[in-house]
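Have a look at the structure below, then the notes.
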Amino acid sequence: MRGMKRIGSSVLVGVFTAAGLLLALGGQAQQTPSASESSESVEIGGMTLRLGMLQEFVIHGLRELYNLQEIGTPAASGSSWMAETKAGPPHVRVANVSFIGGRLSSVYKYWTVGSESDTEASFASTLYGAITKFEQENMTPCEVATNRSQQAVGELRTLLVTCRGRQKYLSVDITPMVNGKESVSLAEVLQYPSDVMAVMKGIAAGVSGSIAPSVPASTQDEQVLLEKPADKTLASPSDQPTKTGRWFPPDIDHVIPPIEPGTACPLSDVLSQAGKRIQELIGNVDKFTATEVVEHQSVDHSGQLRRPETRKFRYLVSIAQTPNGYMNVEEYRNGGSNPDQFPDHIATVGTPSLVLIFHPNHVQNSRMTCEGLGRWNGKAAWQVRFEERIHNSSPISVVVTAGRAFGLRLRGRAWILADSYQVARLETDLADEIPVIRLRLQHQEIEFRPVHFKEGSEIWLPSTSDLYLDFLGHRFYRRHRFTDFQLFSVKLEQEVGDPKE
């Protein structure tokens, strides 16, 4: 949930403001917490890879950065690819990625390769750095094991560094070469267990015809397969299942919603038309008011939702485009913007702002992939997955806490109606956690609906927003509901009164 603020010459969008919270924590807020417990991802060239990701999206993203070459003989159940640097020769091998049933099943990220004696010190330093990073990421007991296997040209020796309960490990391979020498490689590996991969291959091989990368799980077994290994990605270490499941929904990349087979998606046209709708929104809406109801439920250590707290506000939003092209969105509740108005002293603001990710001035800041033609509330809608670029200087969301701003990098999915190109729904997750403020989870779902005003105009505005948050030890679920919209065109200095009970 995001409210825009001007910071220097940039416009950042605030997810939540926790100044009141940190004042209450006092000295505790100045401590630097331990590294994130979630290590179930591998970053390659600024792109974060997680198991179960869509093959089309992974290949598209890596191809922007590296030369990609399919290796081996493609099988009905999957394929493998090698990524090399574009600069060369020599072209340096960076990673291998494999897919089963159109989903990412393993990643090998190579840290270094060498066989000459003068690389020994460099390799030892790289190995030390890799193991140190690995231990800091996992924060669980790790162990070292060795393995030997016979190859056509000699014996392959492998040193494995694994951590309990993790799917990610380090592999040091000493590989014999045809000239009698040996090559040494260090790889960061993320993959499903062998038994899970075997079942995935069986499911994929049983699908008739070619396997479309964007086809979603169609059976209960496949859905469980894709969800279970990735559950650890953003789950807090103290999470325990509730009677009805986890307290937060599955990550957006766990299961991709169904699409119509064989329907080509004109991504450029979809983004262009959606951008025009956002520009129309900015042109038609100077300010609007609404009644906002905030329902907040904290989560205890067992993962149970506590009794809800409710706040009701008279809500005013001003949206304007600045001369340099940025969007300035300001929010007021009952005439002010103090975070102490919210439960837990954490303000969640800016719901109208996230859709601006499709504004022509912002759309280039994210990688966009069209998954196909799906449906939302019975209407045909293009499903577009987006992920903000790692070097984006104007993130769509920030966290402001203790006077510091932390830019977030989001990934998400949008449903854009095929007939009107209005954004009807958005879901987002973190692309990267922020260990220094223990931001481990931020999952959001926003629904939009057409609002008819007396002036005769129809404008799509947020209807509900659901937020699931794990931040500085505070875990909660919060829903915002918006009703009684009115266009409002007087000066911002006018006070907005309390909502009627």
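The values are calculated or read from the model by the stated rules, or taken from the named source; none is laboratory data. Keep in mind the model is a prediction, meaning the values are calculated, not measured. As a convention, Cβ positions derive from the backbone with ideal geometry for all residues, glycine included, and neighbour counts pool all protein chains shown. When the accessible area is computed, the model is the full protein with side chains, heavy atoms only, and any ligands, DNA or RNA have been set aside. Shrake-Rupley method; radii C 1.70, N 1.55, O 1.52, S 1.80 Å.
Listed by first and then second residue, the pairs with beta-carbon distance under 8 Å, at least 6 apart or on different chains, first residue in segment 401-417 and among the polar types (S, T, N, Q), second part of a loop (DSSP other than H, G, I, E, B) and open to solvent by 10 Å² or more (accessible area, probe 1.4 Å), are THR401/LEU472. The residue that is farthest from the chain's Cα centre (by Cα), counting only those in segment 305-334 that are modelled with pLDDT under 85, surrounded by fewer than 19 Cβ atoms within 10 Å (Cβ to Cβ) and not in a strand (DSSP E or B), is PRO323. Taking segment 247-260 as the range and being touching a strand residue (DSSP E or B) at 6+ places or on another chain (Cβ under 8 Å) and open to solvent by 50 Å² or more (accessible area, probe 1.4 Å) as the test, the residues that pass are PRO258, GLU260.
Quick grid of which residues meet (1) surrounded by fewer than 21 Cβ atoms within 10 Å (Cβ to Cβ); (2) at pLDDT below 95; (3) in contact with a Gly (Cβ under 8 Å, 6 or more places away or on another chain):
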residue: SER394; (1), (2), (3): yes, yes, no
residue: ALA402; (1), (2), (3): yes, yes, no
residue: VAL423; (1), (2), (3): no, no, no
residue: ARG440; (1), (2), (3): no, yes, no
residue: PHE453; (1), (2), (3): yes, yes, no
residue: ARG475; (1), (2), (3): no, yes, no
residue: THR483; (1), (2), (3): yes, yes, no
residue: PRO499; (1), (2), (3): yes, yes, no
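Filtered by the rule that a residue be out of contact with any strand residue (DSSP E or B) (no Cβ under 9 Å at 6 or more places or on another chain) and open to solvent by 30 Å² or more (accessible area, probe 1.4 Å), segment 263-278 gives SER268, ASP269, SER272, LYS276. At pLDDT below 80, more than 23 Å from GLN167 (Cα to Cα) and open to solvent by less than 20 Å² (accessible area, probe 1.4 Å), is that true of GLY14? When the stated conditions are applied, GLY14 passes them. Restricting the search to segment 51-110, which residues are modelled with pLDDT of 80 or more, surrounded by fewer than 19 Cβ atoms within 10 Å (Cβ to Cβ) and assigned to a loop (DSSP other than H, G, I, E, B)? Passing the criteria: THR85, LYS86, ALA87, PRO89, PRO90, HIS91, VAL92. The single residue among GLU371, GLU388 that is within 18 Å of ARG425 (Cβ to Cβ) and either open to solvent by 10 Å² or more (accessible area, probe 1.4 Å) or of a type outside the set (A, V, I, L, M) (or both) turns out to be GLU371. Residue under question is PRO213, and the condition is that it be in contact with a Gly (Cβ under 6 Å, 6 or more places away or on another chain) and at pLDDT 75 or above; does it hold? Criteria not met by PRO213. Only one of the numbered conditions (1) of a type in the set (S, T, N, Q); (2) open to solvent by 30 Å² or more (accessible area, probe 1.4 Å); (3) at pLDDT 90 or above is violated by ASN361, and that is (3). Tell me whether segment 295-304 contains one or more residues that are assigned to a strand (DSSP E or B) and open to solvent by less than 20 Å² (accessible area, probe 1.4 Å). Checked against the condition, which is being assigned to a strand (DSSP E or B) and open to solvent by less than 20 Å² (accessible area, probe 1.4 Å), segment 295-304 yields at least one hit.
Candidates in segment 279-291 are the residues that are of a type in the set (D, E, K, R) and either open to solvent by 40 Å² or more (accessible area, probe 1.4 Å) or within 29 Å of GLU56 (Cβ to Cβ) (or both); of these, the one that is nearest to the chain's Cα centre (by Cα) is GLU280.
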